[in-house]
Structures are given as C-alpha cells and as structure tokens.
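The values are calculated or read from the model by the stated rules, or taken from the named source; none is laboratory data. What you are looking at is a predicted structure, and each value in this text was computed from that prediction instead of being measured. So basically every Cβ, Gly included, is an ideal-geometry build from the backbone, and we count neighbours across all protein chains shown. When the accessible area is computed, the model is the full protein with side chains, heavy atoms only, and any ligands, DNA or RNA have been set aside. Shrake-Rupley method; radii C 1.70, N 1.55, O 1.52, S 1.80 Å.
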Amino acid sequence: MRKQPLERKTIDRALSRLGLCSRTEALDLVRSGRVRVNGFVLRDASIWVTLGLDQIEIDSRRAKAQEKLYVALHKPVGYVTTRRDPEGRKTVYDLLGELGTWLAPIGRLDRDTSGLLLFTNDTDFAARVLEPRSKVEKRYRVEARGRVDDEAFERLRRGVELADGPTAPARVELLRRSKERTLFEIAITEGRNRQVRRMVEAVGSKVHKLARVAIGALELGSLAVGKTRELEGRERSLVHRSSPKAT
Ligand code: URA
C-alpha cells in the first residue's frame, strides 16, 4: 500500500487540520503557551511542523486527529454566527453544546436569517464547500416587501450590480405574490456578505424574512428550529449536487 505523503504545515493550520480547533483558536493556544512541539513550548504560530512526525501536545496531552464530524443546525433568527460575540449577543455555539468544542461553521448566516447552517472539523470539506470555484448552490426562501414583478425576477436571474461587483446568474422561483408581499426562492452560488438582502434591494424591494432551505441538494427538511443533527456520508455528498427546486 502506498504511504500518504507527510504533511507540512504551520502549527495553526496543523491543529485545525487535525480537527482540534479553528486556526484563530490555535493562535490563541500558541500565544498562551499551551502548545508544545517535540517537548518545547511554542510561542510563534508561523513555525512549520510535520504531521505524523513531530510530537504535538496541547496542555501536555498528545494532539491526535479527531474523528471527522459534520453537523446541520436549524439556526433561529437572533443568533450570530461567531464563537464569541463582543456585544454579548446569543451565538450559534449556544445551540451546539459540547459539539461546539470541535466544530467551525461552514460560511455564515446573518443574525436575522434563519435556516440551514453546517458545521464541521473537516477543514478540507469546508474549504471545498466555500471556494467559489465549487459553485455550491445555497437556496433561500425570501419573503420580500411589496410586489416583486417578473422583470425584477429576470434581473435577479441574470445578475444584478452590487457595490462589490455584479452577481453571478441565479435560479429564481416565484411561490406566491400579492400587493403587500412576494414569496420566492433564490439559489445562488456565491456567498458574499448579506448578498440576498442586497440583491433584493437592487431590484427595488426589501427582505422581510430570509431562511436558507438548502445547500446543494441537502435540504433543511423537518429539522426543528434550534436543533442539530449529524450528517451521514451520503448526505454530505448531496452538498455538491444542485438542488432540484428554484428554476
Ligand atoms: N444572504 C443574506 O443576505 N443573508 C444571509 O444570511 C445569507 C445570504
């Protein structure tokens, strides 16, 4: 059997690669003198180590690769996607309990957005989902103020001009429309800050409610608000398929 090549990484990347913590947390661990490599306390996170060769310890305990975990959360409105909030607001980690020790979110949802948010300690998987080249579709259910007309939908489909450049083509499906409200789904492949809200504003309306209902072909389904569940292998591969809805 061919042996895997040894991986060389800076210590912050190495700890995150092992699924032990995020890179930011690794920096904190190093700065506070809790990490040793081959018996020596490390103070500089830019030092390179070789995984599988160098002996890495945190708080005098051997740093071993953690089992890979993939978790879906139905994020409620009112929670921020961060581990610690300087303003003391509720965070998604309040909902993860013990699991949160190891996991980092794959992307983020605004405080006012609800829906499907994934967490993992598999940094390669997270990078594949997030990199723009992968074009993983995120599908949102939007309740917009007023009547969004067909021409506005066409513009959303083609792409609209935002302050940080034009958006890529999107899939849009109208669900219900009245004078006061328009309910539709939009599937986008980018993940820019407040992108859906800004796209809706660019066509002259405003988001009233926003929920992410799918990532690729992985649907939020019946997961209750505020609850988590672990994903099986088959479900993880759904993330890279396009979702059947939103024409
Ligand atoms: N687009 C937004 O505007 N907000 C989100 O939370 C996600 C996508």
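Run the accessible area of the chain with a 1.4 Å probe and give the carbon-and-sulfur part as a rounded percent.
Values: 6680 of 13910 Å².
On the chain, the fraction of accessible area on carbon and sulfur atoms equals 48 percent.
Full-extension gain between residue 151 and residue 48, please, as 0.36 nm times their residue separation minus the C-alpha to C-alpha distance.
31.6 nm is the gain from fully extending residue 151 to residue 48.
Give me the number: length gained by fully extending residue 238 to residue 24, i.e. 0.36 nm times residue separation minus the C-alpha to C-alpha distance, one decimal in nm.
Full-extension gain reported as 74.1 nm.
Restricting to DSSP H runs of at least four residues, report the calculated mean residue ellipticity at 222 nm for the chain, -39500 (n - 2.57) per run over all residues, nearest 500 deg cm²/dmol.
The helix contribution divided over the chain gives -5500 deg cm²/dmol.
What percent do you get for the relative contact order of the range 167-247 when only Cα pairs under 8 Å and 6+ apart count?
Worked out over the range 167-247, it gives 29 percent.
Ordered by residue, what ³J(HN,Hα) values in Hz, to whole numbers, does the range 67-84 give under the Karplus form 6.51 cos²θ - 1.76 cosθ + 1.60, where θ = phi - 60° and Gly and Pro are x?
4, 6, 10, 9, 10, 9, 10, 8, 6, x, 5, x, 10, 8, 8, 7, 6, 10
Given H placed on each backbone N at 1.01 Å, which residues far from residue 240 in sequence or on other chains put an amide H within less than 5 Å of it?
217
Would you grab the residues whose amide H sits under 5 Å from the one on residue 106? Only those 5+ places off in sequence or on another chain, please, with H modelled 1.01 Å from N.
It is 118, 119, 120, by chain and number.
I'd like the accessible area for residue 64, computed on protein heavy atoms only with a 1.4 Å probe and all protein chains in place. Round to 10 Å², please.
Rounded to the nearest 10, that gives 130 Å².
List the relative contact order of the range 66-247 as a percent without decimals, with contacts defined as Cα pairs under 8 Å and 6+ residues apart.
Numbers: 370 pairs, mean separation 51.2, N = 182.
Reported relative contact order: 28 percent.
Quick one: what are the phi-derived ³J(HN,Hα) couplings along the range 220-228, Karplus 6.51/-1.76/1.60 with θ = phi - 60°, whole Hz, x for glycine and proline?
After applying 6.51 cos²θ - 1.76 cosθ + 1.60, I find 4, x, 9, 4, 5, 4, x, 9, 10 Hz.
What aspartates and glutamates could a cross-link reach from residue 206, if we take a straight Cα to Cα line under 12 Å and drop same-chain neighbours fewer than 8 places away?
Residue 206 reaches 143, 180.
Can you tell me the relative contact order of the range 7-62? Whole percent, Cα pairs under 8 Å, sequence separation 6 or more.
39
Under 5 Å between amide H atoms, partner at least 5 residues away or on a different chain: which partners does residue 160 have, H built in plane at 1.01 Å?
So residue 160 has HN proximity to 167.
Measuring with a 1.4 Å probe in the full set of protein chains, what accessible area per residue, in whole Å², belongs to the chain?
Heavy-atom accessible area per residue stands at 56 Å².
Compute the FRET efficiency between residue 64 and residue 180 as 1/(1 + (r/R0)^6), taking r as their Cβ-Cβ distance and R0 = 41 Å, and round to the nearest 0.05.
Result of the calculation: an efficiency of 0.15.
Nearest 5 is fine: what % of DSSP beta bridges in the chain come out antiparallel, could you say?
Percent antiparallel among DSSP bridges in the chain is about 90.
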